[in-house]
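Here is the structure we will look at.
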Amino acid sequence: MTMLPDPALQAYTLRMNRVLDHIDRHLDAPLDLAALAEIAHYSPFHFHRIFTAWLGESAAEYVTRRRLEIGALTLASQPGSSVTQVSQQVGFGSPEAFARAFKRHFG
């Protein structure tokens with residue numbers, strides 16, 4: 001007998017994947033909790049709880065991590081890129097903020 005996935009779990013997965021896709025497409029834009037919750041069609045409070053339980057990190061932590069990972073990948077794959085350009089492309093307010101977060105994350 002084949003078990004079908006729980007419809008509620010499918011709905012959560014679909015909504016959360018929509019948010020993750022939005023984050024990756026808009027790393028250079030402000031990504032606050034309320035806006036992300038709206039994309040998922042949840043209240044900010046419920047969204048924060050679901051997101052943290054689903055990924056093991058808050059939405060803000062996830063956004064910062066993705067920005068740093070994409071920034072690192074860009075710097076490694078495009079040696080001619082400047083830190084200033086990359087920091088702006090991934091949504092940091094300044095190259096200094098990017099460098100501090102980069103050091104904190106990657107050591």
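The values are calculated or read from the model by the stated rules, or taken from the named source; none is laboratory data. In this text, all values refer to a predicted model and were calculated from it rather than measured experimentally. Here the Cβ is made from the backbone with ideal geometry for all residues, glycine too, and neighbour counts use every protein chain on show. Accessible surface areas use protein heavy atoms only, side chains included; no ligands, DNA or RNA. Shrake-Rupley method; radii C 1.70, N 1.55, O 1.52, S 1.80 Å.
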> Ignoring any ligand, DNA or RNA, what whole percent of the accessible area of the chain comes from carbon and sulfur when the probe is 1.4 angstrom?
Replying inline: 59
>> Is there a quick way to get the dipole size of the chain? I mean about its Cα centre, with the Cβ of Lys and Arg at +1 and of Asp and Glu at -1; what is the value in debye to the nearest 20?
In response: 180
>> Within 10 Å of each candidate Cβ there may be at most 16 other Cβ atoms; applying that plus a DSSP loop requirement, which GluC sites (Glu not before Pro) in the range 19-77 survive?
In response: E57
> The list [x] 0.96; [y] 1.29; [z] 1.25 gives values of Cα Rg over 2.2 N^0.38 Å, and only one came from this structure; which label was calculated from it?
Replying inline: [z]
> How far apart, in nm, are two points set 7 Å out from the Cα along the Cα-to-Cβ line at R25 and at R100?
Replying inline: 3.2
>> Give me the extension gain from S77 to A53: residue separation times 0.36 nm, minus the current Cα-Cα distance, reported in nm with one decimal.
In response: 5.3 nm
> Calculated from DSSP H runs of 4 or more alone, at -39500 (n - 2.57) each and per residue, what is the 222 nm mean residue ellipticity of the chain, nearest 500?
Replying inline: -22500 deg cm²/dmol
>> Taking the solvent-accessible surface of protein heavy atoms with a 1.4 Å probe, what is the per residue accessible area of the chain in Å²?
In response: 64
> How would you classify the range 53-107 from its alpha-carbon gyration tensor, with a ≥ b ≥ c the square roots of the eigenvalues: rounded for a/c under 1.5, else prolate if a/b is greater than b/c, otherwise oblate?
Replying inline: prolate
